[in-house]
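Single-structure report; data block below.
The values are calculated or read from the model by the stated rules, or taken from the named source; none is laboratory data. Note that the coordinates shown come from a computational prediction; the quantities given were computed from them, not determined experimentally. Ideal geometry is used to build each Cβ from the backbone, glycine not excepted, and the neighbour counts take in all protein chains shown.
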Amino acid sequence: MIDRLSPARETSYGNAGVINSGSMIPINSPGIHKSLFSLLQNNKPQLRYNLAFAIKKLPWIVQFLQASKSSNTVATTKALSSLSSTCLTEHKALMQRVGNAHRLTEAGWLKVFRSGQGYDPSSFEAQQLEKYNIPIQKFNADELRELEPSLKPIYSAAYLLSDAATVNNPGELLAEYAEQFVKDGGKIEKMEINSIDVEGENIKCRSDAGVHACEKLVIAAGPWSSDLLNMLNYTVPLNVERGYHAHFHLLNNATLGRSIHDVQGGFVMGPMEMGLRVTTGVELNYRDAENNLQQLEQVIPSVKQAIDIGERTDDPVWRGNRPTLPDSMPVIGQAPDHNNVWMAFGHNHIGLMTGPITGRLLAEQISGETSDVDLTPFTPKRYVRSGRRRKPIWKK
Ligand SMILES: Cc1cc2nc3c(=O)[nH]c(=O)nc-3n(C[C@H](O)[C@H](O)[C@H](O)COP(=O)(O)OP(=O)(O)OC[C@H]3O[C@@H](n4cnc5c(N)ncnc54)[C@H](O)[C@@H]3O)c2cc1C
């Protein structure tokens, strides 16, 4: 494994830590149209965008919205459920092997609503949850207070995806998986790849520090995968949905039993080893642009309405880049023009939970084993095109 940083220091480091078999419905589902006008005002915690970036990425945005047609989303949900349905089982098997199951809390994933009934059985989401037998428990305001006594009485309804779980430190969980990989005989090299040459069966990954030669290569570099694909003369419409986290001290012995999505408040909060982690919605902006803390600052008063928090902990504000393709499905499979190169990226909002199953399916494909999951919907051929080799930015 080659990484320019230690394992799990980028997007996989700071996410909300939710592992949920019911997370197979993409955010570009039919319901997105109802909120589109409101989101376009660019002042909501659920979505902020940089206008110049949005204009530049308009073709991508149009493709993303086209994918939200009901017929498309039904197919996407089916494909994603083949990854999400076993995501907790796959993680638990790894945790058992590594000895870090103490990081997992199996208490569900709670969605809370400040007004209204919460669960809408006529919604596309509800219909899909029912179709895939995802267990739901509904709560009124009083029942919610029993379930989460530290929440302030501002919520009118909630529902729990009861089969879901959360981890108390995604970055450490994955660093421990990586340690196990080394114990099992794997090798981790810290180097930043800046060019890749494939000559027949020989592959050379080059960095300023030297060359790593190999016979098979998997490109799984999350939001940077497009840069690595460029090195092989491929292009791919990979975009990023940026998101932030901050940690807060809880006051007055407040605790939460699980991660909570305040749907109308537009944030997620969950108990982590380092305090209460608050994560934000989506920011559409250039991957490497400076942080824009407006979304985070906007939700902090809403978090204070929900639970007793004090100051931020000493941990810095963190930003990650959810790697997203227009159809909200990852690419998993062999490169179009190279039979010794594979790809696994684009896991957008569900990459922590679907990482282990992705790894297993890809390993099976590489070694020619039969898989219990049909990888056709994830084929790189959907989006990966051979094209003019662009010079990496550092060579310009
Ligand atoms: C706010 C937020 C909340 C989220 N919550 C959840 C959640 O609750 N559950 C869930 O399942 N998912 C969640 N996600 C999504 C999840 O975090 C991502 O889908 C996942 O982390 C993507 O993993 P990755 O390995 O593809 O990318 P990354 O974790 O970003 O890894 C990419 C790696 O490539 C390396 N790299 C890049 N370029 C090079 C190079 N040139 N040479 C060598 N190495 C290179 C980087 O150093 C990095 O380690 C969330 C994301 C965000 C931002």
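Quick check, is Asn230 at negative phi and either within 11 Å of the ligand (Cβ to nearest atom) or at pLDDT 95 or above (or both)? Full working, then the answer.
Details: at negative phi: yes; either within 11 Å of the ligand (Cβ to nearest atom) or at pLDDT 95 or above (or both): yes.
Considered against the rule, which asks whether it is at negative phi and either within 11 Å of the ligand (Cβ to nearest atom) or at pLDDT 95 or above (or both), Asn230 comes out as yes.
Here is a check on your reading of the model: is Ser70 modelled with pLDDT of 95 or more and away from the ligand (no atom under 12 Å from the Cβ)? Answer is no for this residue. Name, by its number, the condition in (1) in contact with a strand residue (DSSP E or B) (Cβ under 7 Å, 6 or more places away or on another chain); (2) modelled with pLDDT of 95 or more; (3) of a type in the set (Ser, Thr, Tyr) that does not hold for Ser38. For Ser38, the exception is condition (2). With respect to Arg287, is the statement that it is without any contact (Cβ under 8 Å) to a residue 60 or more places away in the chain, surrounded by fewer than 19 Cβ atoms within 10 Å (Cβ to Cβ) and either within 11 Å of the ligand (Cβ to nearest atom) or assigned to a strand (DSSP E or B) (or both) true? When the stated conditions are applied, Arg287 does not pass them.
Just one of the listed residues (Leu51, Leu80, Leu5) is in contact (Cβ under 8 Å) with a residue 24 or more places away in the chain and surrounded by fewer than 16 Cβ atoms within 10 Å (Cβ to Cβ), namely Leu5. When Phe113, Phe64 are screened for being crowded, with 19+ Cβ neighbours inside 10 Å and more than 21 Å from the chain's Cα centre (by Cα), only Phe113 passes. Among the residues of the range 149-167, which ones are surrounded by fewer than 21 Cβ atoms within 10 Å (Cβ to Cβ), touching a residue at least 24 places away in the same chain (Cβ under 8 Å) and not aliphatic (A, V, I, L, M)? Within the range 149-167, Ser150, Lys152, Ser156, Ser162, Asp163 meet the criteria. Of everything in the range 272-284 that's more than 13 Å from the ligand (Cβ to nearest atom) and of a type outside the set (A, V, I, L, M, F, W, C), which residue is farthest from Pro330 (Cα to Cα)? Filtering first and then ranking leaves Gly275.
Take the residues in the range 358-377 that are assigned to a helix (DSSP H, G or I) and in contact with a Ser or Thr (Cβ under 9 Å, 6 or more places away or on another chain), then tell me which one is surrounded by the most Cβ atoms within 10 Å (Cβ to Cβ). Checking each candidate, the answer is Leu361. Which one is farthest from the ligand (Cβ to nearest atom), of the residues in the range 340-357 that are buried (at least 22 other Cβ atoms within 10 Å of the Cβ) and in a loop (DSSP other than H, G, I, E, B)? Among them, the one singled out is Gly346.
Restricting to the range 24-48, and then to whatever is assigned to a loop (DSSP other than H, G, I, E, B) and either in contact with a Leu (Cβ under 8 Å, 6 or more places away or on another chain) or among the acidic types (Asp, Glu) (or both), can you tell me which residue is surrounded by the fewest Cβ atoms within 10 Å (Cβ to Cβ)? Restricting to residues being assigned to a loop (DSSP other than H, G, I, E, B) and either in contact with a Leu (Cβ under 8 Å, 6 or more places away or on another chain) or among the acidic types (Asp, Glu) (or both), the top hit is Asn42. Among the residues of the range 116-148, none is identified as within 22 Å of the chain's Cα centre (by Cα) and basic (Lys, Arg). Hey, does the range 191-208 have a residue that's near the ligand (Cβ under 10 Å from one of its atoms), at pLDDT 95 or above, among the basic types (Lys, Arg) and farther than 26 Å from Glu364 by Cβ? No; the residues of the range 191-208 include none that is near the ligand (Cβ under 10 Å from one of its atoms), at pLDDT 95 or above, among the basic types (Lys, Arg) and farther than 26 Å from Glu364 by Cβ. Among the residues making up the range 246-286, those that are of a type in the set (D, E, K, R) and more than 26 Å from Ser38 (Cβ to Cβ) are Arg258, Glu273, Arg277. Within the range 250-264, the set of residues being in contact with a Ser or Thr (Cβ under 6 Å, 6 or more places away or on another chain) and either assigned to a strand (DSSP E or B) or within 10 Å of the ligand (Cβ to nearest atom) (or both) comprises Ser259 only.
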